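Beneath this line is the structure, given in structure tokens, with notes to follow.
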Amino acid sequence: MALTNSQYDCIMRTYEKRQLNNENRLRGRFEEVYKEVPRLRALDQSISELSVRQARKLLDGDDAALTTLRNDLHLLFEEKRLLLEQAGYPEDYLERTYTCPDCHDTGYIGDEKCHCFQKAIIDFLYTQSNLQEILERENFGTLSMDYYSENHKDALTGRSSRDAMTTAVRACKEFTLNFRREFRNLLLYGDTGVGKTFLSHCVARELLEQTCSVIYFTASQLFDIFAKKQFEKDEEAAADYEHIYDCDLLIIDDLGTEFSNTFTTSQLFVCLNERLLRKRSTMISTNLSLDDLNTLYSERVFSRITSAYTVLRMTGDDIRIQKKLMGRL
């Protein structure tokens with residue numbers, strides 16, 4: 001997604017700060033060197049005056065002015081280099097330094113965003129996603145199929161937990177690979193502790209690396225924001241509210257664990273419906289069955305989910321319990 005104006009401005013402010021820091025650092029070095037080697041101040045003044053003087057001669061038609069300028073500047077710069085060296089300073093001590101030497105801390109090389117700007121976007125989106133730390137641990141690279149048994153059969157479908165997880169992983173990877181080309185939504189539902197949240201994190205990590213904006217909320221957090229905006233006119237909640245509708249992917253984790261009432265049901269419908277209209281993808285995980293979703297959130301919500309979402313059922317033994325039994329926690 002293209003960054004919003006506020007997101008772009010926030011990143012650009014970091015570049016402005018870098019440029020200011022560069023300027024202050026260089027000014028400080030000049031003050032330090034002029035104090036230690038007073039002759040250098042006079043040399044810099046001579047370089048400046050000579051450049052202006054010879055430029056005027058060149059404009060007046062003196063063709064030899066440029067050659068004279070080059071020769072004189074060479075002598076002055078050589079003296080300056082020797083003085084710096086004798087005082088124990090590196091040759092480039094009075095040259096401007098940059099955090100990114102490729103774009104000189106502007107964020108752009110020509111009209112193209114620099115690689116450092118692309119990284120800044122990713123870092124910014126990670127921060128806004130509420131997932132920055134956990135995605136270092138939970139991603140497709142750390143996903144293990146060892147906790148999914150061929151012997152555990154789902155009573156509803158007859159499939160093993162290994163088969164169900166394999167299907168879910170494949171669908172989630174396809175979702176991330178085709179994310180920019182194809183509008184889709186995902187619903188992960190099934191047993192407690194079988195990796196639904198982990199798989200959500202895997203998807204988030206992949207899309208954030210593609211510089212897509214991803215926001216993660218538990219259902220309780222999401223409805224808390226809706227309530228604060230609606231009833232308390234909370235400014236921070238209002239800002240989050242806009243991101244909820246505009247982000248490329250909204251992840252709603254543990255739907256059904258919130259305190260459910262008519263307000264949460266109506267807000268869920270508005271959220272899901274509006275994101276469908278805007279063609280913004282949503283990923284939901286829940287321990288509820290499809291029947292429970294229909295009963296708890298109304299036919300309208302259930303219809304939106306079943307008609308517009310890829311529905312993936314996951315089953316198996318609670319991985320957290322398995323880890324404890326295996327001594328891995």
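The values are calculated or read from the model by the stated rules, or taken from the named source; none is laboratory data. Note that the coordinates shown come from a computational prediction; the quantities given were computed from them, not determined experimentally. FYI the Cβ positions are ideal-geometry reconstructions off the backbone, even for glycines, and counts take in every protein chain you see. The protein model used for the area step is the full one, side chains on, heavy atoms only, and it has no ligands, DNA or RNA in it. Shrake-Rupley method; radii C 1.70, N 1.55, O 1.52, S 1.80 Å.
Looking at Y216, is it under 23 Å from L277 (Cβ atoms), assigned to a helix (DSSP H, G or I) and among the hydroxyl-bearing types (S, T, Y)?
Values: under 23 Å from L277 (Cβ atoms): yes; assigned to a helix (DSSP H, G or I): no; among the hydroxyl-bearing types (S, T, Y): yes.
When the stated conditions are applied, Y216 does not pass them.
Checking segment 28-50 against the condition returns no match, with no residue being in a loop (DSSP other than H, G, I, E, B) and loosely packed, with under 15 Cβ neighbours inside 10 Å.
May I ask you to verify whether L40 is in contact (Cβ under 8 Å) with a residue 40 or more places away in the chain and not polar (S, T, N, Q)?
yes
Summed over segment 122-146, residues that are open to solvent by less than 70 Å² (accessible area, probe 1.4 Å) and at pLDDT below 85 total 8. With the condition kept exactly as written, say whether any residue in segment 193-200 is aliphatic (A, V, I, L, M), open to solvent by 10 Å² or more (accessible area, probe 1.4 Å) and at pLDDT below 95. The answer is no, given that none of the residues of segment 193-200 is aliphatic (A, V, I, L, M), open to solvent by 10 Å² or more (accessible area, probe 1.4 Å) and at pLDDT below 95. Residues that are outside any helix (DSSP H, G or I) and at pLDDT 95 or above within segment 157-181 comprise N178, F179, listed in sequence order.
Got a sec? Which of F263, F302, F231, F259 is open to solvent by 20 Å² or more (accessible area, probe 1.4 Å), under 13 Å from Y189 (Cβ atoms) and over 25 Å from the mean Cα position of the chain (by Cα)?
On the way: F263 fails: under 13 Å from Y189 (Cβ atoms); F231 fails: under 13 Å from Y189 (Cβ atoms); F259 fails: under 13 Å from Y189 (Cβ atoms).
The unique qualifying residue is F302.
May I ask you to say which residue of I225, I252 is β-branched (V, I, T) and either assigned to a strand (DSSP E or B) or surrounded by fewer than 17 Cβ atoms within 10 Å (Cβ to Cβ) (or both)? On inspection, the qualifying residue turns out to be I252. Looking only at segment 161-188, residues that are without any contact (Cβ under 8 Å) to a residue 24 or more places away in the chain, in contact with a helix residue (DSSP H, G or I) (Cβ under 9 Å, 6 or more places away or on another chain) and either charged (D, E, K, R) or under 25 Å from L288 (Cβ atoms) (or both) come to 1 in all.
Rundown of residues vs (1) under 17 Å from I47 (Cα atoms); (2) free of Cβ contacts under 8 Å to residues at least 12 places away in the same chain; (3) open to solvent by less than 70 Å² (accessible area, probe 1.4 Å); (4) not in a loop (DSSP other than H, G, I, E, B), yes/no style:
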position: T68; (1), (2), (3), (4): yes, no, yes, yes
position: N71; (1), (2), (3), (4): yes, yes, no, yes
position: F77; (1), (2), (3), (4): yes, no, no, yes
position: T97; (1), (2), (3), (4): no, no, yes, no
position: P101; (1), (2), (3), (4): no, yes, no, no
position: H104; (1), (2), (3), (4): no, yes, no, no
